Every structure is written in C-alpha cells, then in structure tokens.
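Structure, as structure tokens:
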Amino acid sequence: MMPPTITLPEASMPEESRTITTELAIIGTGIAGFAAAVFALERKLTMAMAGSTGALAYTTGYLDLLGKLQGTAHAVDDPWQALEELRRSEPEHPLSRIAPAAIERAFTLFTDFLGREGLAYTPVGRNNLQIMTPVGTVKPTLSVPATMAAGPALMASGSPCVIVDFHGLKGFSGRQAVANLSQRWPQLETARLAFPGSRGGELYPEIAARSLQVPEIRQQLAEMLRQAAGTAPAVGLPALLGMHRPDLVLEDLQRLSGLTLFEVPTMPPAVPGIRLRELFARALPQHGVAIVPQQKVQHLRLDENGAHLTLGDNYGTIAIHAKAVILATGRFLSGGLEARRDTIREPLLDLPVAQPSGRSQWYEERYTDPRGHAIHRAGIVVDQAFRPLGGDGHPFHPRLFAAGIILAHQDWIRSRSGAGIAIASAYRAVDEAARLLGR
Amino acid sequence: MQPVTPRANGSGQEAVFETEVLIIGGGVTGVGIMRDLALRGIHAILIDKRDLCAGASGGNHGLLHSGARYVSNDLDSARECRREGALLKRLAGHCIEDCGGLFVAVEGDDEAFATNFPALCAQADILCEPLAPALARELEPHLSERLVQAYRVPDATVDPFRLALENVAHASALMGSLYFPHTEVVSFARQGDRIATVFCHDRRNDRPLAIRALQVVNAGGAWAMNIARLAGCDDVRLLYSKGTLLVTHDRLASHVVNRLRRPGDGDILVPGGTVSILGTTSLRTDDLESTRPTVEEVEVNIREGSAMLPMLAEARYIRAFSRVRPLLQPAGRGGDRDAARGFALIDHEEQGLSNFCTITGGKLTTFRLMAEKASDLVAKRLGNTTSCRTALEPLPHGSACRWTEPGASPRYWFKESKPGDMILCECEMVPQSAIDEIVDAAPGKEEQMGLEAIALRSRAGKGPCQGSFCGIRICSYLYDRGYYRDPSGLHHMRRFFDERFKGQRAVVWGGQAAQMELAEALHCGLLGLDTLDMEDR
C-alpha cells in the first residue's frame, strides 16, 4: 500500500504587494532624511520615506553647524563668521553653497519641530556652545537638547557642580570628566551612585532612562542627587533622564531635588540618539508621512514621470512612486557609499563618486591627524540645485536630489559639521524639489 | 659568584642598577635567556626600547614549525625546528595550540617539488602523512577545488606574547630578575676588554639610567647590528627583510595551511584563536623603524593566499602588520628566503671584548635553543657550571600572564563570576578584573601603563573593532580606579588609537570602512582627540 500523502496547505499569508504613490520620496532616515521630511511637511508635500535608522542612535543629540576650520588650531566660536571663511577657503564645501540665512532658517525650523514634538532644543544662536563630552573634553556645537543646556553656562561661570555617575554604567566616569576639566572648572567634583532599584551588575542607559518615566524612581533619584550634591547647587549626570519628554523628567527631578540639573551624553549608541529616532518614528506618521522603517531600498528607477523605488519586507514587495526623490543615504556606516578594495561606489544608482585615486590615498599615516583623511571628502557631487551629477557633468536626473554627508568635498568629522551639512542641504534639496513640483 | 642586588640611585641623579647579566632586547630570545640564566641561579636585567615582542617576535604568524617548511632549503633548520617544536609542546603547552598543519599544492604548482616533499621530510625525521585532496578539503572546506596534492605535518601555533610574559614572570620569581620596558641603550662605557657600564635612556619618563653588569648580551634581533656597533663591534652583519601579514575577521581554517612550493609570498595561513593570519611578503629594507604595511603588500598576500583558499579574496580583514626580520648576511648568492634562517652567536672576542655577546637570526620555534647557546656562553664566562634546564623544566602558568590567550578571557570571567566585574572589551570579552590583574601584577608593569602596554598583555583591542570602543571603556575604567588622574589618560588613549590604526590603514574597505568611520566620528568628531594638544593650550 502506498503511504498516505500529506498535502501541505498553501502559505496562509499570501504575499501582498503594496504601492505608495506620493509627491516626494526620501531615501535615508538619518538626520538628513528626517530633516528633509520636516521641511517637506512645512511645504505641505506628501511623502514617503525608507531606510534603516541604525546610525541615528550614534548621535549625541548635539547639533553641530561648524566647529572647526581646516588648518586652524582653535575651535570655532562664531560659526556664522566661520562660514564666511569657509566660503573663501573651501568654495565646494556643501555649506559654502548655501546662504547663511537659509542655514539659519533650516536649523530653526528643525529644532522648532523637535520642540513641538517633545524634545526641546536650545535656541539657534550667534555663537557655538562650548559643551563637555563624556570624557571631559570640550566640544563646540550650535544647539543641544534643553536637558543639556545648563552645562555650558555652569562651566563658563565656574559654579560649584557635581558630576554624578552610576555603578555599572560603562564608559562614563565622573572622575575622568573631572580629571580632564579641572583646569577649566576647578569647582567640579564627582560622586558615584547606585541607580535606584539597581541590583548591581551592568546598568544599561536605555533601561534606566525608561525607568525614570516612573514617578517613584524619580523621587528616589532626586533624594540621592540632593545628598550627592552637598552644598553644590548643580549636578550633571549621564543622559538617561527619560526616553519620552525628557524635559519633563528633568523638570520634575529639579523640583524634587531643588538642584539645577543637566545631562551629559554617554558613549553612543545612547539615549539621546534613541530619543531622536523614536520621536521621528512616532511624529512623522502622525503628520501623514508614510515611513517604511528598517528596510533598504533595493532598487531605484528614474524616468520622466518620477522615481520608482522597490523595497521588500516580510510580507512582500513595496513600491513607492514619487515625482521627486532625495537621496540621503549617508556614508559607509549607513550604506550610502561602499568602499571596495579598489574604489568607492554609490550602490543604489552607481552615481559617480568624487574620490582619491586609490586605496593607498584614502588615509593619512596618522589616525588622529588634525588635517583629516581624503576618504572623508569623497562623495557625490551636486549642482547648485543639489542634483547629483552624472558621468557627463550634467545632472544625473532632473528629479533626483541629494542631501547629507554623502555629499563630496567636506569632512564632517574634522569640521564638526555633520548635522549642519545634513540639515542645511536637506533644506536646499527640499526647496529645489518643491520648485520642481510647482510648490 | 654571588648574585648582585640591584641598587638604584647610586650616584647623583642618574639611577644606577647592578646585575650579573644585562640582556638587551625583549623579544623571545631575550626573555628566553633571562629565564635560562635564572634557572642557573644567575640574576639578570632585561631591557627593551619598546616592550615585549615589539620586533619580529611579535610580528609573525605565531607558527610553531614542524620543520617541514624548511626541508627544501635548510635541512639543519628543519631538524632543529622538529626537535624544538616537540620540546615546547611538552613543556609550554599552555602557550601552544597543537592544531596540525597541511601542505597543499594547487594546479600549476611545481609537481616535482610536491612529489619530493615526503622524502625530504623523512630525511629530517618529520612526520608527513599524504592526504587525498578530497580528504584535505573535508578537513579544511575553504581549500581550493584546484587542489592536487596534500600532506599533513605536525605544525602548531604558539602565542609569543604569552611565552614572553611567562619567561619574564618565571625569571622574576626565581631570581628577582628585572624587566625594564621603554629603556634604550645610549652608549657603552668600555674599560679594557670589558663593558663596564651601559648608559640607557628611559623613554617613558625621559630619564637616564646606568646599568653595570658582569656580562652583556645583545639579543636585539633586527637591531642587533646597530647595538653591536654602539659597543664598537663591527662583526655583526645583518640584512633586513620586511614582512607583512594580514589578520582575518574569522578563523578560516583549523590547521596551519602551507603552500607546497618553494617558500614565497602569502603562502601560509595560520589560525590564531578566533582569527587567521595570512602572510607573508618579503621585501628588503634598510629602515628598521618605519614598518607600516602598504596597500600593495596587502594585495600581494591576498592574491597569493587565495590560490590556496579562494575565499581569502572575499574575506574581511581587521588588521595588517609588518615587522623586520634579521637575516644573517649570506656568504653566497640567493634570495632572502634562501638566506640562512639559522642563528648566530657572536662572542666578540676578536673585537677585544670578553663580556659581550650577540645572538641574532633564528626563528620563534628555536628561541629556546638560541637562549640555551647564549646562556651557556654567559654562564661559562661567569664561572657558573650549572647546565641548562630549559629543556627539562616546564614553563609555569602565571596568573597575570594568562590574558593573551585567544578565547580564554570569557572562560576565566565566567568561572570566577565576580559580581560587578564588567566586560570592557566586548569583542574579546576582556573584563575589568583582567585590567586590574595586568596593571597590578603583569611582567613589565609600569607606574602608569598606557593602553598599548595593557593591550599587549591581554586580548583587548584584538577583535573586529580593533580597540575603538574598548579603548574608551578601559580608559574610563582606569580613571575610575584612580590609576589615571589627569589629562595624560586621554593622551594614552589617543596613542593607543594611533598605534592600532597603523595596522588598520591598509585593510580599510567593506565592513571595516563602516567600522572606521564610526570610530573616527566618536574619537575625533565627539571626543576631539584630533585637537587634544590644541585644547591643552
């Protein structure tokens, strides 16, 4: 007798194919992509976004505009004046090709949006803030989360202050911060606390931050902070004061403890980056933006009608049809550029990449060379309308724009200008896309 | 002969130390001599201008040769390797992984050479077992489909850093012998037929020191010729060959894999714990100090290596490193690979000196034998009649020496399971307790160790992130425990990253380019290590 055959049912979840039709597609969900979305909302464009948000968690929350000029020894104090110098010394730099008024407007729109959505930032001012890093060095930046705002003023005035750290929190040492800041800030001290409810072992900032949404935990921490502060009126502590509405957590802790408090970023990936990621993931869909999260765009086709993106997730294929597209895919870490053994490529469209002649030219001999490395200046070249250039020196396609650190002729690391390039170029790209779309 | 107690601050500002024997050079030969002498009851001071295994001792495959590699061009060396390899497996098993080795030929390789190979091995008494290519590929699935011949030999791997640390620790325990890292010879003061005092410079704190010894041993490896010249001796003649090797992200083969042909570029792949090491190139050089791997050397290794294991062309590499090998200047013709790989012991008596000798050349596998020969001469000159015991006495296990072993840290950490003992290097699972033990008790510990010195004594920074994260965590931890107290800790951190980068620069592509970009964004963009000096002003 033949054994009975078993017929397996058809897959119970048939692949569905989904199509999104919209005005603007944004590829990339880092600062540049999200800033583009904010500006496009302002223009009342409909849009869809796709990309993985891995790199965003690596930001500290500081929004740099321009903190260092090539070949100068000192940190930039007035970034607006420094932009004028940049325009002369590096005319091809993306920030040299954007009017300062537009840069300022872009920063203001972006930080206002963050503030409205629950993550207040310090106002965009004339001067850089000089703000401490987790190891006690000082970094110039333009705007920081309101929860970090008190730090620079306290440091400038030299007021008595205690940096608190926690048992089990790796890579954040109050003693290290104090040892490196003591020249500049003699009245800075440090104290180590056990985080409320912690039972020893490693303390994960993200979990600690979420636990501070609970009022009882805040009560306990406030009491500990009051004791640790002694006679000092202010305490700085690692950035873990809540995940959503950290300004309210801070306010409550200040009220309970009677102290001025400020956050200091921990080593990324860390809470301030996760806050930004979660804010965008929540707020943009509420404003009608279609986000396809954590999916890489597999294919991008451009024709006279627009851009056609193909993505896939576990449920099948997703197609996005848009009239214009902004490429904000970042550099090597985010996959916007690919370093092969012999050359640097842009993987999605194989756009020409301005780059050094060969791998032996990518890096200087010394890693921390203040001049930076040629590999960072590689990237996509755009025209005045932020359209990537094709091999013939003309725009690759009239409906394609690019923004963020994928752009060539800048070293965002050495010039402390990553957020500045992202926000300002996104503003310009959206401006040009809106013009193309007749908006 | 009584052991002389070292005495510091003898005269004026200059620290003066006295000992029976001064050994110059902290490679495996120098540390081997230190221990050999201690076992004979002789006190020594060992100095190195950098740190342990900073030269060729730490810059090789870590291959404990069965000798098969040398059967075609140097039968004596082959036999020496066979004897010494077997001895070390017995006496220093904790520094060795007895993984076995394969010799493989692919289509196009010299068939006559391959066919002759077993007979040559037999002449040197080296076990050589023929393997059908299909069986070899079963043992090592990454081997090329174009394999035509394969043999199995008793190759193994050895951790030169652990070996060096254990030798120093044992000599210190036996005789109170001392090791001074970062201590460089400046000049020799001769009195008649003797070197009376050796003037040195402590590079860390920029202070002079003088060492008086009855005997002085030059175990300077590639630097031996320069050191001998400082002593007025022109009878050490070396050629320098720069070799570059690559470290893969993964362990790609469980055996040592040798190309079955005359020794050439990129023809050995050696497992090293969780990674594999591919090499080497061979390039004549005059420059002993600047030995950075180049992109060209990386490409040569990959091209040659991928003939044996095609996936080497696609593999992720985390590091490259170069070192200069000393080759004894050959009398006749021949390339560097044919130059004598044996060693030389020079007594300098023709140069009018009775208490100075130089030992150089040779290879990692035969370091014990080299140390024995040098120590025999030194002991004889000192009138010490105790015979060598390193061929009998097992090498001890030192607790503070154990952290260099790949894959061992998590085991120790888990076994001891101390509450609050956090992992600082997440790639290699190096816990706080390892850092504590190293700064408290490791051989060559200094008043304020840099991160490089700690990394040399552990696995910290050896994983895919190459120290870019754990360097930050270890530095914070050292501030935390009050070991670093001022901005010098950040300078240590920067020096560590700059040092690690020398080995990364030529292999940054693919996944490593992403890793590097993230690291630099943190180190420079956020922490400002690129402007540290400017900050100070």
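Just to be sure I understand the filter: pairs with C-beta atoms under 8 Å, separated by 6 or more residues or on different chains, first member in region A:29-46 and closer than 15 Å to residue A:288 by Cβ, second member in a loop (DSSP other than H, G, I, E, B) and among the charged types (D, E, K, R). Which pairs pass?
A:43/A:439; A:44/A:439; A:45/A:439
Filter region A:367-388 for residues that are open to solvent by 40 Å² or more (accessible area, probe 1.4 Å) and under 15 Å from residue A:302 (Cβ atoms) and give the result.
A:387
Under the condition of being part of a helix (DSSP H, G or I) and open to solvent by less than 10 Å² (accessible area, probe 1.4 Å), which residue from region B:475-496 is farthest from the other protein chains (Cβ to nearest Cβ)?
Among those residues, the one meeting the criterion is B:496.
What's the total number of residues in region A:129-163 that are open to solvent by 10 Å² or more (accessible area, probe 1.4 Å) and assigned to a loop (DSSP other than H, G, I, E, B)?
Of the residues in that region, 4 qualify.
Can you tell me which condition residue B:62 does not meet? The list is (1) in contact with a strand residue (DSSP E or B) (Cβ under 6 Å, 6 or more places away or on another chain); (2) at negative phi, and all the others hold.
(2)
Among the numbered criteria (1) within 11 Å of chain B (Cβ to nearest Cβ); (2) touching a helix residue (DSSP H, G or I) at 6+ places or on another chain (Cβ under 7 Å); (3) open to solvent by 10 Å² or more (accessible area, probe 1.4 Å), which single criterion is violated by residue A:211?
(1)
Looking only at residues that are among the β-branched types (Val, Ile, Thr) and under 22 Å from residue B:505 (Cα atoms) in region B:247-267, which one is least open to solvent (accessible area, probe 1.4 Å)?
B:248
Among the residues of region A:251-280, write down those that are open to solvent by 20 Å² or more (accessible area, probe 1.4 Å) and part of a helix (DSSP H, G or I).
A:251, A:252, A:254, A:255, A:256, A:277, A:278
Taking region A:336-369 only, how many residues are assigned to a loop (DSSP other than H, G, I, E, B), facing chain B (nearest Cβ under 8 Å) and not polar (S, T, N, Q)?
Looking only at that region, the number is 9.
Considering every residue within region A:409-419, establish whether at least one is away from chain B (no Cβ under 14 Å) and crowded, with 24+ Cβ neighbours inside 10 Å.
Quick first cut of region A:409-419, residues away from chain B (no Cβ under 14 Å) only: A:409.
Applying the additional criterion that residues be crowded, with 24+ Cβ neighbours inside 10 Å yields none.
Among the residues of region A:409-419, not one is away from chain B (no Cβ under 14 Å) and crowded, with 24+ Cβ neighbours inside 10 Å, which makes the answer no.
Among the residues of region B:200-210, is there at least one that is open to solvent by 30 Å² or more (accessible area, probe 1.4 Å) and among the hydrophobic types (A, V, I, L, M, F, W, C)?
no
Residue check: is residue A:278 free of Cβ contacts under 8 Å to residues at least 40 places away in the same chain and farther than 23 Å from residue A:325 by Cα?
Yes; evaluated as a whole, the condition is true for this residue.
Any idea which residue in region A:62-119 is surrounded by the fewest Cβ atoms within 10 Å (Cβ to Cβ), counting only those that are touching a Lys or Arg at 6+ places or on another chain (Cβ under 9 Å) and among the acidic types (Asp, Glu)?
A:78
Determine if region A:196-204 includes at least one residue that is surrounded by fewer than 20 Cβ atoms within 10 Å (Cβ to Cβ) and of a type in the set (A, V, I, L, M, F, W, C).
no
Restricting the search to region B:497-522, which residues are more than 23 Å from the chain's Cα centre (by Cα) and facing chain A (nearest Cβ under 7 Å)?
B:508, B:509, B:510, B:513, B:514, B:517, B:518, B:520, B:521, B:522
Residues B:150, B:169: which one is aliphatic (A, V, I, L, M), closer than 30 Å to residue B:100 by Cα, touching a Gly at 6+ places or on another chain (Cβ under 8 Å) and at pLDDT 95 or above?
Just a single option satisfies the conditions, and that option is B:169.
The values are calculated or read from the model by the stated rules, or taken from the named source; none is laboratory data. Fair warning: this is a prediction, and the values are worked out from it, not measured in the lab. With ideal geometry, Cβ positions are generated from the backbone for all residues, glycine too; neighbour counts draw on all protein chains shown. These area figures cover heavy atoms from the full protein model, side chains too; ligands, DNA and RNA do not enter into them. Shrake-Rupley method; radii C 1.70, N 1.55, O 1.52, S 1.80 Å.
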